[in-house]
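Colleague: I am attaching a structure below and will ask some questions about it afterwards.
The values are calculated or read from the model by the stated rules, or taken from the named source; none is laboratory data. Since we're looking at a predicted model, the values are computed, not measured. Note that we place each Cβ from the backbone using ideal geometry, even for glycine, and neighbour counts take in every protein chain shown. These area figures cover heavy atoms from the full protein model, side chains too; ligands, DNA and RNA do not enter into them. Shrake-Rupley method; radii C 1.70, N 1.55, O 1.52, S 1.80 Å.
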Amino acid sequence: MSSSTNIEWTDASWNIFAGCTPVSAGCLNCYAATMAHRLEAMGQKKYKGLTVLNNGHRTFNGKINLDSDAITIPLRWKKPRRIFVNSMSDLFHERSTFEFIDMVFAVMALCQQHTFQVLTKRPKRMAEYLQRTGKSIEFLESAAREIGYTFKFTDLDGRTHGMVPWPIPNIWLGTSVEDQQTADSRIPHLLDCPAAVRFLSCEPLLGAINLRLFSTGGLLNTHLVIVGGESGPCARQCHVDWIRSIINQCKNTNVPVFVKQLGANPVLGFDGGISLKDLIKDRKGGNPEEWSNDLRVREMPEVRK
């Protein structure tokens with residue numbers, strides 16, 4: 001849990017539970033699994049028993065540990081901030097019940113001063129959850145009572161509504177995609193999710209991705225694309241032209257794009273002919289001053305005030 005973070009596209013992290021299950025190639029060098037192992041060694045009970053060593057890679061083992069004390073933390077943060085929800089796991093993990101997720105959504109709806117960024121590799125389950133809840137305020141009222149709050153949602157005239165504005169205006173919903181296969185399987189489910197802002201995280205980027213497949217009338221059906229290469233000592237190659245292609249696709253469809261990092265193993269050319277490892281001093285390839293000018297793009301969508 002942190003009121004600040006080094007993740008460039010957010011301001012803070014809010015970890016309601018820890019632990020996960022690998023679901024695709026993007027999970028192979030999961031930073032959260034490595035961090036969970038370190039935090040367990042430091043004696044933090046929240047991260048106990050969540051990881052295993054698999055062929056030299058520290059991975060999650062499928063267990064999750066709930067942190068009931070963390071659920072109300074954003075209610076105590078008065079200064080507005082962008083909050084990454086469950087950076088050490090996946091809110092829509094199969095062991096996270098819809099009733100528990102109700103409480104998370106209740107807290108997010110209560111904290112209108114913040115913007116919450118929910119990122120999942122399980123957008124199908126996220127779509128199922130949102131279809132279940134519909135537009136009724138009742139699930140928020142009930143969930144808020146579970147954590148000791150009375151939920152009221154009023155308009156500018158002070159009149160209480162029986163319906164939450166839908167989609168909830170301060171909640172962003174996103175999915176992670178690392179290559180064309182995961183893009184093809186996950187993005188359609190994200191597009192089924194009502195959201196004030198839909199976003200993609202193309203990180204770790206492991207292959208070229210054609211996002212135009214998910215556009216309509218020349219407009220990409222998302223509001224933000226984040227892109228970055230893999231970091232860490234076992235980082236796989238990220239071809240800079242993959243990043244450049246995503247930037248161009250976003251520019252051509254008027255979608256903000258945020259280049260987070262080139263990764264620890266960037267290469268030039270789609271064939272990976274030229275390594276940039278010795279030219280990039282930042283260990284994550286995250287210093288824009290070391291990039292070519294066309295890669296220095298860090299945009300964010302406009303949001304309601």
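Colleague: Enter the angle in degrees (range 0 to 90, nearest 10) between the Cα long axis of helix 98-110 and the first principal axis of the Cα atoms of the chain, meaning the one along which they spread out most.
Modeller: 80
Colleague: Can you pull the three principal axis extents for the Cα set of the chain, in Å, largest first?
Modeller: Over the chain, Cα extents along the principal axes are 61, 51, 33 Å.
Colleague: Given a 1.4 Å probe and the protein chains all in place, what does the accessible area of residue 111 round to, in Å² to the nearest 10?
Modeller: The accessible area of residue 111 comes to roughly 0 Å².
Colleague: A follow-up question, please. What angle, in degrees between 0 and 90 and rounded to the nearest 10, separates the Cα long axis of helix 180-191 from the longest principal axis of the Cα atoms of the chain?
Modeller: Helix 180-191 sits roughly 20 degrees off the main axis of the chain.
Colleague: Starting from the Cα gyration tensor of region 1-61, take the square roots of the eigenvalues, sort them a ≥ b ≥ c, and report rounded, prolate or oblate (rounded when a/c is under 1.5, otherwise prolate if a/b is larger than b/c, else oblate).
Modeller: Oblate, because a/c is 1.5 or more while a/b does not exceed b/c.
Colleague: What is the distance in Å between the Cα centroid of region 84-137 and that of region 254-305?
Modeller: The distance from the Cα centre of region 84-137 to that of region 254-305 comes to 29 Å.
Colleague: Exceeding 19 Å between C-alpha atoms, which entries from my cross-link table qualify? They are 45/78; 63/121; 260/281.
Modeller: 45/78
Colleague: Still on this model: Once you wrap a convex hull around the alpha carbon atoms of region 237-305, what is its projected area averaged over all directions, in nm²?
Modeller: 5.3
Colleague: With the full set of protein chains in place, find how many percent of the accessible area of the chain is carbon and sulfur; take the probe as 1.4 Å.
Modeller: That fraction is 49 percent.
Colleague: Taking only protein heavy atoms into account and a 1.4 Å probe, give the accessible area per residue of the chain in Å².
Modeller: Result: 47 Å² of accessible area for each residue.
Colleague: Here is a further query. Counting residues in region 155-305 as N, plug N into 2.2 N^0.38 Å and put the Cα Rg over that result. Mind showing how you got there, number by number?
Modeller: Working: Rg = 17.4 Å, N = 151, 2.2 N^0.38 = 14.8 Å.
Compared with the compact-globule rule of thumb, region 155-305 sits at 1.18.
Colleague: Among 68-76, 181-189, what's the highest-first ranking by average C-beta atoms within 10 angstrom per residue?
Modeller: Top of the packing list down: 181-189, 68-76.
Colleague: Still on this structure: Show 126, 300 ordered by accessible area, largest first, where the area counts protein heavy atoms only and the probe is 1.4 Å.
Modeller: My answer, sorted largest first, is 300, 126.
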